[in-house]
């Protein structure tokens, strides 16, 4: 019998333990539980090192309380304050580090925007926490067959969110393409969080010239702050400058 290795990630201990116990009663399921994003990442890394990777993660959509969600594709090393990782960020980090793991998000309420973010981050399913065990098991087995599972009531809203995200991404790409090669270099430095002096040193330019380039970038992108420029750049798939040497541009995520 092929066994399915499941990791439940939920900071509500009673719910996580109850769900793990219910799943463990299934003859073909091995289950573990983690109470936080960092704990889940450690479990995944330890399992991979021991040659016993998890097949499916069940992740609480509200993991980490009020930790704000970051852009999907955030590396697993980037966590919120106090070491917290929110549910969507965890999905993205796991999919980047271990793409073979399937992820199902468990939610207390239907939220088309959060569900769309979860799919963009790499989740394969969005399931209500109060669904039946048989329904959850069907979803778990389905995502292992590369199926995507959404509640029918959420489908229209999620498609609307994904369509809007695609439109925003297309517009962001068009604006970034209007930049000169040097302005794109400056923008990548901004995405990496470098200040004007650091950008000047990296690109062998004067601070005054960098200031001019930054002003041009903001003007062409139609924004009024560095934070807004960075957000737009990330939507367009612009990655940060590689602080080890090369400049890199990351491919876009599902939008």
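The values are calculated or read from the model by the stated rules, or taken from the named source; none is laboratory data. From a predicted model like this one, the values you see are computed outputs, not experimental measurements. Here the Cβ is made from the backbone with ideal geometry for all residues, glycine too, and neighbour counts use every protein chain on show.
Residues in the stretch 37-61 that are surrounded by 21 or more Cβ atoms within 10 Å (Cβ to Cβ) and in a loop (DSSP other than H, G, I, E, B) were compared, and the one that is modelled with the highest pLDDT is 54. The set of residues from the stretch 186-206 being at pLDDT 90 or above, part of a loop (DSSP other than H, G, I, E, B) and in contact with a helix residue (DSSP H, G or I) (Cβ under 9 Å, 6 or more places away or on another chain) comprises 205, 206.
One residue stands out in the stretch 1-18 among those that are without any contact (Cβ under 8 Å) to a residue 60 or more places away in the chain and in contact with a helix residue (DSSP H, G or I) (Cβ under 8 Å, 6 or more places away or on another chain): the one that is surrounded by the fewest Cβ atoms within 10 Å (Cβ to Cβ), namely 5.
Tallying residues that are part of a helix (DSSP H, G or I) and within 13 Å of the chain's Cα centre (by Cα) within the stretch 120-134 yields 2.
Is there a residue being in contact with a helix residue (DSSP H, G or I) (Cβ under 8 Å, 6 or more places away or on another chain), farther than 27 Å from residue 38 by Cα, assigned to a loop (DSSP other than H, G, I, E, B) and at pLDDT 90 or above anywhere in the stretch 144-165? So far as the stretch 144-165 goes, no, none of its residues is in contact with a helix residue (DSSP H, G or I) (Cβ under 8 Å, 6 or more places away or on another chain), farther than 27 Å from residue 38 by Cα, assigned to a loop (DSSP other than H, G, I, E, B) and at pLDDT 90 or above. Selection over the stretch 119-143 of residues that are within 13 Å of residue 103 (Cα to Cα) and touching a helix residue (DSSP H, G or I) at 6+ places or on another chain (Cβ under 6 Å) gives a count of 7. Of the residues 117, 137, which is under 30 Å from residue 51 (Cα atoms) and outside any loop (DSSP other than H, G, I, E, B)? Criteria check complete, one pass: 137.
The residue of the stretch 91-114 that is farthest from residue 155 (Cα to Cα), among those that are at pLDDT 85 or above and in a helix (DSSP H, G or I), is 94. In the condition set (1) touching a helix residue (DSSP H, G or I) at 6+ places or on another chain (Cβ under 6 Å); (2) surrounded by 18 or more Cβ atoms within 10 Å (Cβ to Cβ); (3) in a loop (DSSP other than H, G, I, E, B), residue 223 is compliant with all but (2).
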